[in-house]
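The values are calculated or read from the model by the stated rules, or taken from the named source; none is laboratory data. For clarity, every value in this text was computed on a predicted model and none was experimentally measured. All Cβ positions, glycine included, derive from the backbone under ideal geometry; neighbour counts span all protein chains shown. Note: accessible area is taken over every heavy atom of the protein model, side chains too, but ligands, DNA and RNA are not part of it. Shrake-Rupley method; radii C 1.70, N 1.55, O 1.52, S 1.80 Å.
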Amino acid sequence: MEEDLEKVPRLGLRHLQAALLFIGLAANTILQLNVGVTVVAMTNATSINEDTPYYNWTESEKSYILSSFYWGSTLAQFPAGYLCKRFGSKAVLLLGTLGSALLSAATPHSIYAAGWQAFCLIRLLQGLCQVTWPCIHQHLANWAPEAERTRLGAFAYTGFDCGNVLAMYAAGTIASSPLGWPGISYASSGLALCWCLLWLLLGANRASEARFIGAAEKEYIMGDLQMQLSSKKRERRRAIPWRGIFTSAPFYALLCARCADTWGLATMQAELPAYLSGVLRLEMTSNAVFSALPFLLMWAMCYVYLIVADTLLQYKCLSLTALRKTYNSIALWAPASIMLAVGFVGVEQKSLALLLVTLSVGVSSAATIGSELNTIDLSPNHAGILAGILSTFTNLVALCTPLVVGVLVTDATQRSEWQLVFSLAAVVLFAGNVIYLIWGTAVTQPWNEPTEQQQLQLHDEEEEEQKPFKAARLEIQGAAAAAGAGADEGVGLGLHCKDP
């Protein structure tokens, strides 16, 4: 076995699949989040191209545009998971990204024709095409051996942070160029279409379908996944403990923590360009740099937090529950404190405001270790179900955040109105972590395992499944015994004939 593992390439097609997922997630994140910069550019004369049209939309209309993507994505999560299992992650992710890219390319002409209402419709349809997360989960399950799953998964998921940075920086740079704000839609579409071509040529649902994979790597991946097959069959038979989940205090604590973190992050993702432009009066190019900087720090801090967490667990400095709560406190309470301070910093203290905003977003990446992975702690057997429930609620939160900001902020240049936005976010972040500290845990819950009655039922089902195989085995053994008896009889007869 060790000799076979030595033949497996250190960098193989499984790593190429993870790289494709990284780029695909980055491209989809850009399609999702570039709207914050786009709306600012569309309502301010930022381009040097005088032919670029601009619009005088109200803050309420802007909030509808910013939230409309999540109207669709909230509805898409559960169907996307089913479609991945039914048709494979390659086809579903390809069609979803292709649809979103084509809609992005159609955005400028749709707005020319029908204004902000068309923009909302385009964004809603793009949200329905947002099938990235279920597809990535399914694709990694098909490609990543258990020993490499954390490494390959972590690499693929950081495509989201990369997309965050590019959505802010590249979009602002394009908006201030001769292309103007329409160029943001065209460039985002072009990147996604290029990825679709790569995915079509190099992507494969599983190792057995890949064209360019070596025999050793194929056997390594398929052999590892085959070993997990029997346990997965048992998992599929397990009844989902809905009552246990929805009466579980630790699960509700996790739900509050994830919704609070989403509120804070969604506020910054959607509204940061508007705040930098309105209150700090930054030009579009500077706006792009300082909008991207917090998410660049967030991306870098992911790896710092991961190294520190591994060290703390390795030397048993903290229990897993204590580690989760410590990291989540950093991720929620640090931004909450900073957001309260940001509301009181004016344009005359621009450097301090930019520093605080950058730190507020940068430190929040601790939430990945603090609460995002807690579903696996609470119920390894039903982590996918928990993640689906959480994803639905967090998408609803991301939908509501811009609408609330649209009500609170009627004039983007008024710092007092942004004080309300940041203060509300701080309260939500603080309360969410308090609940998590009191009721959250990393201990596996009793409802993770089936009850004694369910275990007996599973055993009976397995016995029922094995009956045809046992019957076939008995028939083979019976036929073999009969053949053996016939041979013995023939031998006996032959000896008798030779007997004088």
Practice task
Might you tell me the accessible area per residue for region 1-121, computed with a 1.4 Å probe and given in Å²?
Solution key: 47 Å²
Handout entry: Accessible area (Å², 1.4 Å probe, nearest 10) - W242
Key = 120 Å²
Fill in the blank from the handout: Cα pairs beyond 17 Å in region 66-191, in percent, come to 64 percent
Fill in the blank from the handout: Here D for region 392-456, in µm²/s, from Stokes-Einstein with a Kirkwood Rh over Cα pairs at 4 °C and 1.567 mPa s, works out to 84 µm²/s
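Suppose the chain between A215 and T410 were pulled fully straight at 0.36 nm per residue; how much longer would it get relative to their current alpha carbon spacing?
Contour length minus Cα-Cα distance gives 64.0 nm.
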Completion exercise
Net charge (Lys, Arg +1; Asp, Glu -1) of residues whose beta-carbon lies under 15 Å from that of P182, P182 excluded, is -2
Problem - In Hz, Karplus ³J(HN,Hα) per residue of region 426-436 (6.51, -1.76, 1.60; θ = phi - 60°; x = Gly, Pro) - result: 5, 5, 4, 4, 5, 5, x, 6, 4, 4, 5
Completion exercise
Karplus ³J(HN,Hα) for region 214-222 (6.51 cos²θ - 1.76 cosθ + 1.60, θ = phi - 60°; Hz, whole; x = Gly/Pro) runs x, 5, 5, 5, 4, 5, 4, 6, 5
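Taking 35 Å as R0, compute the FRET efficiency from the Cβ-Cβ separation of L197 and A383 and round it to 0.05.
For R0 = 35 Å, the calculated efficiency reads 0.55.
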Problem - Label-to-label distance, nm, for residues given as L121 and A300 (7 Å Cα→Cβ offset) - result: 4.5 nm
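Between S60 and A239, 0.36 nm times their residue separation minus their Cα-Cα distance comes to what?
Here the segment from S60 to A239 would lengthen by 59.9 nm.
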Completion exercise
Summed over the other residues with a beta carbon less than 10 angstrom from that of V347, with K and R at +1 and D and E at -1, the charge totals +2
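Would you kindly work out the equivalent ellipsoid of region 277-372 from its C-alpha gyration tensor and give its semi-axes, the square roots of five times the eigenvalues, largest first in whole Å? Write down the numbers at each step before the final one.
Details: eigenvalues 194, 38, 14 Å².
Ellipsoid semi-axes (Å, largest first): 31, 14, 8.
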Handout entry: Separation in nanometres of the label points that stand 7 Å from Cα toward Cβ, at A154 and Y82
Key = 3.6 nm
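Whenever you get a sec, compute what percent of the accessible area on region 312-423 sits on carbon and sulfur atoms (1.4 Å probe).
The nonpolar share, carbon plus sulfur, comes to 68 percent.
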Exercise for the section: Provide Rg over Rh for region 319-421; use the alpha carbon set for both Rg and the Kirkwood Rh (inverse mean inverse pair distance). Expected result: 1.07
Handout entry: Two-site FRET efficiency, I307 against S110, from Cβ-Cβ distance with R₀ of 35 Å, rounded to 0.05
Key = 0.15
